[in-house]
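First the structure, in the form of C-alpha cells, and then the observations on it.
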Amino acid sequence: MKIAKSLFAAATISLLLSCGATKTPSLSSKNGKTYAEISVKEGGTWNGRKHSGGTWKNFQSHTLNPLHTDHSFDIRYEGPGWESSKIGYRLYLDWRNAIDIFGKKTENIVLPNVGLDGFDSYHEMSDWGGDILKVGKGLGIGSIGRVVNDEVLHFNEVKNTTATVENSKSDSKVFVNYEGWKTNGQTTDLSSELTIFPDQRYTRHTIKSSVALNGIVTGIVNLYKLPLIQRTVPNQNWGYIATYGKQTLFDDNLGMAVFYRISDSEKIFKGKDDYLIQFKPTTDKVTFYFLGAWEKEPNGIKSEKEFLKYLDDNLSILNKTNQLK
C-alpha cells in the first residue's frame, strides 16, 4: 500500500510539473490553418561565413551564430517562416531584415517541406507555389528599418538576434528580439511580434523600441514603380497604403498593403526602394498589419477593384474594433 501511495504521489508531482508555466509550446501547427517555424542546420561546419553539412532541425528558439549573414546556408529559407491557409511569409534573419512572400496555390500547410530539396528550390514555381516577391535592397513587406539622411538603414549592426516561434489553437507567432541594434551612433533593443491568423492573409506586427528613435519605418517594396494607393477616412483611427499590379517574379498580379494607426504615424513618403510609413519616436508598443494577396492563390483576388474592396472592408473593421482577427 505504501509503495502504491508513493507511486501515486510521484505520478501526481510529475503531472503537476508537466502542466506548469515552464511547459514548452508545441512546434507543430495547433489549428491546421496557421504555422510558424525556424529550421536550422544541426551539425556541419563553418567555412568563413558559409555553413555546410548537417541536417535540418526545427527549434522553438534560435540565437544567430555570430558568423551568420545573408546566404550562410545554416537556416532553411534564411529565417523564420509563418503561414496561413492563404499565404506564407519569411523574414531574412540577417542584416537585410526584409520580409518576403511565399505565394500559395494550396490551402495546405507547406512550410515544413520548403527548401528541404535545395536551398533555392523555392524560387522555382512548384505545385504548392513559390517565393513570389523580389525584395532587392528594400524592406519587402511590413518589416522594419530606420531612415537616416534619406537612407533606409537595415540591421547591419546588432549585438544579438534571437527568433522564437509559437503555434497555438488561435494563431501562430514569430518573436524576434534585436539586442543592441546600432544606427547613426544610437543603440536600442527592438522587439518584434508577428502574428498570423487562420484563413487570413494579414500579419499583425507589433514592435517596441527601448529608445525613442526618429526615423523608424515600415513599408512596401516598390521595385516595379507602381503607383501608391492611400486611404484614410475622416475622423477615423486607421488608414492604409497599398500597391497593386504585376510585381512578382512570375509577372502576375499581387496586391500588398500596410494598415497603420494614424496617430502612430509621422509621415508617408516614397523612398528609393519602398513606399514608407515613418512612425513617431516612442518607447510604447506600435501595432500595424501588413498583407499580400496573390492572384494565383485558391479563390484569389484577381483585380485591383476586388483588392481595394477587400482592403476597405478590413479598414472598416479596424476603425470599428481597433483590431483584426
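The values are calculated or read from the model by the stated rules, or taken from the named source; none is laboratory data. Note that the structure is a prediction, hence the values are computed from the model and not measured. Every residue, glycine among them, receives a Cβ derived from its backbone with ideal geometry; neighbour counts consider all protein chains shown. All accessible areas refer to the heavy atoms of the entire protein, side chains included, with ligands and DNA or RNA removed. Shrake-Rupley method; radii C 1.70, N 1.55, O 1.52, S 1.80 Å.
Taking the 0 to 90 degree range and rounding to the nearest ten, how far is the long axis of helix 2-18 tilted relative to the main principal axis of the chain, both from C-alpha atoms?
Long axis of 2-18 versus the principal axis of the chain: about 10 degrees.
How big is the chain by Rg and Dmax over its Cα atoms, in Å?
20.9, 79
Keeping the other protein chains in place, figure out the carbon and sulfur percent of the accessible area of the chain, with a 1.4 Å probe. Each step should come with its number before you reach the end.
Working: 7670 of 15090 Å².
Here carbon and sulfur together make up 51 percent of the probe-accessible area.
Just for the range 75-140, what percent of DSSP beta bridges are antiparallel, to the closest 5?
Numbers: 11 of 12 bridges.
In the range 75-140, DSSP labels about 90 percent of beta bridges as antiparallel.
log₁₀ I(q)/I(0) of the range 42-165 at q = 0.13 Å⁻¹, via Debye over equal Cα point scatterers, no solvent, to two decimals?
Normalising to I(0) and taking log10 leaves -0.55.
Mind running the shape call on the range 182-224? Use the C-alpha gyration tensor, a ≥ b ≥ c as the square roots of the eigenvalues: rounded below 1.5 for a/c, prolate if a/b tops b/c, oblate otherwise.
oblate
Report the accessible area of S126, computed with a 1.4 Å probe over the heavy atoms of all protein chains in place, in Å² rounded to the nearest 10.
Taking all protein chains as shown, S126 has close to 40 Å².
Excluding residues on the same chain fewer than 8 positions from K50, give the lysines whose Cα lies under 19 Å from its Cα.
By straight Cα distance, K50 reaches K41.
How high is the relative contact order of the chain? Use alpha-carbon pairs under 8 Å, at least six apart in sequence, and give a whole percent.
Details: 778 pairs, mean separation 49.2, N = 325.
The value is 15 percent.
Could you tell me the accessible area of R201 in Å² (1.4 Å probe, neighbours in place), rounded to the nearest ten?
20
If every alpha-carbon in the range 106-145 counts as one equal scatterer, what log10 I(q)/I(0) does Debye give at q = 0.16, 0.27, 0.34 1/Å?
Result of the Debye calculation: -0.52, -0.98, -1.14.
When only alpha-carbon atoms count, how far does the range 84-223 stretch along each of its three principal axes, as whole angstroms with the largest first?
Taking the Cα atoms of the range 84-223, the three principal extents are 47, 34, 24 Å.
Find out how many positive minus negative residues lie around Y275, taking Lys and Arg as positive, Asp and Glu as negative, among other residues whose Cβ is under 12 Å from that of Y275.
Computed value for this residue: +2.
What shape does the range 166-244 have by the C-alpha gyration tensor, where a ≥ b ≥ c are the square roots of the eigenvalues, rounded means a/c under 1.5, and otherwise prolate means a/b greater than b/c and oblate the rest? If you can, show how the numbers build up before the last one.
On the way: a/c = 1.79, a/b = 1.13, b/c = 1.58.
Oblate shape, in that a/c is at least 1.5 and b/c is the bigger or equal ratio.
Among N322, V258, V114, flag the residue with its Cα farthest along the positive direction of the charge dipole of the chain, charges on Cβ as +1 for Lys/Arg and -1 for Asp/Glu.
The one lying farthest along the dipole's positive direction is N322.
Determine the per residue accessible area of the chain with all protein chains present and a 1.4 angstrom probe, expressed in square angstrom.
Result: 46 Å² of accessible area for each residue.
In Å, the Kirkwood hydrodynamic radius of the range 247-325 over pairs of distinct alpha carbons?
14.5
Give me the net charge of S72's neighbourhood, meaning all other residues with Cβ under 9 Å from the Cβ of S72; Lys, Arg count +1, Asp, Glu -1.
Working: positive: R49, K50; negative: D70, D74, E78, D94.
Neighbourhood net charge equals -2.
Give the lysines reachable from K302 as a straight Cα distance under 18 Å; neighbours fewer than 8 places away on the same chain don't count.
K86, K104, K105, K246
Rounded to the nearest Å, what's the spacing between the alpha carbon centres of the range 226-292 and the range 46-110? Just the number, please.
25
For a quick protection proxy, order the peptides 163-174, 77-88, 180-191 by their average other-Cβ count within 10 Å, most packed first.
77-88, 163-174, 180-191
Taking K and R as +1 and D and E as -1, what net charge do the other residues with C-beta under 10 Å from the C-beta of R96 add up to?
Neighbour charge sum, excluding R96 itself: -3.
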